[in-house]
Amino acid sequence: MKIVLLLLLGGVVVALAVVAGCATSRKGYESPAYRVVLSAGAVEVRDYPALIVAQTSMVGAGGRSQNGGFMNLFHYITGANEGRKKLPMTTPVLVAANADSSAADTNAFMAFIMPGKYALGDLPQPAGTNVTLRRVEATRYAVRRFSGARDTAAQARESEALVRWMAARGYAPLDAPLYAFYDPPWTPGFLRRNEVLLRFQGGPAQP
């Protein structure tokens, strides 16, 4: 009986360590500041400031395009740029247009948000042509948070739920969903912070 209790206690300790480790890991990276103008369960309406992103095309099939896109961007921030300058990793990683779909979608991309202290002109130019830098203007998003899988089915389910939430309030998205992933792939699904964002105009006034 004591052995069983010790094993159970050990399992609880390990689980708590995993939870604490994942939370600490996420907090170790810079994330963009935003203003929450409405909170309704799993959905928030947020105003984001202008951001600078490093972006790469996600044309390709399945997980290979996700992995290839991530490595293009990772190589950029670790020195594949003019001056071989290293830049800090940030969260979240952004993915647009169901980039892990088997369909070749020329609008699909992955992006890293650049640290807030950099202006566009301060950043080193990427080496090669597979990464570009661009400014994303300040805008308003409806955002739905979810955990678990990040696959195409999960993306479709969560984006459809967000569209329904918006439609019930008379809001219309301006373009395709953007997905934000805050945690590394080895993070247990129930601990992951995933989000789907839809850009729109109007909505509630700022507080």
For the condition farther than 27 Å from ASN81 by Cβ, among the aliphatic types (A, V, I, L, M), out of contact with any Ser or Thr (no Cβ under 7 Å at 6 or more places or on another chain) and modelled with pLDDT under 95, what is the one hit in ALA142, ALA149, ALA167, ALA161?
ALA149
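Quick check on segment 69-85. Is at least one of its residues hydroxyl-bearing (Ser, Thr, Tyr), within 20 Å of the chain's Cα centre (by Cα) and crowded, with 21+ Cβ neighbours inside 10 Å?
Yes, because at least one residue in segment 69-85 is hydroxyl-bearing (Ser, Thr, Tyr), within 20 Å of the chain's Cα centre (by Cα) and crowded, with 21+ Cβ neighbours inside 10 Å.
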Taking ARG157 and the conditions (1) over 25 Å from ARG35 (Cα atoms); (2) assigned to a loop (DSSP other than H, G, I, E, B); (3) free of Cβ contacts under 8 Å to residues at least 12 places away in the same chain, which numbered condition does it fall short on, given that it satisfies the others?
(2)
Residue list for segment 175-198, filter: of a type outside the set (D, E, K, R) and exposed (fewer than 12 other Cβ atoms within 10 Å of the Cβ)
PRO185, TRP186, PHE190
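The values are calculated or read from the model by the stated rules, or taken from the named source; none is laboratory data. In this text, all values refer to a predicted model and were calculated from it rather than measured experimentally. Glycine gets a Cβ as well: all are built from the backbone with ideal geometry, and neighbour counts include every protein chain shown.
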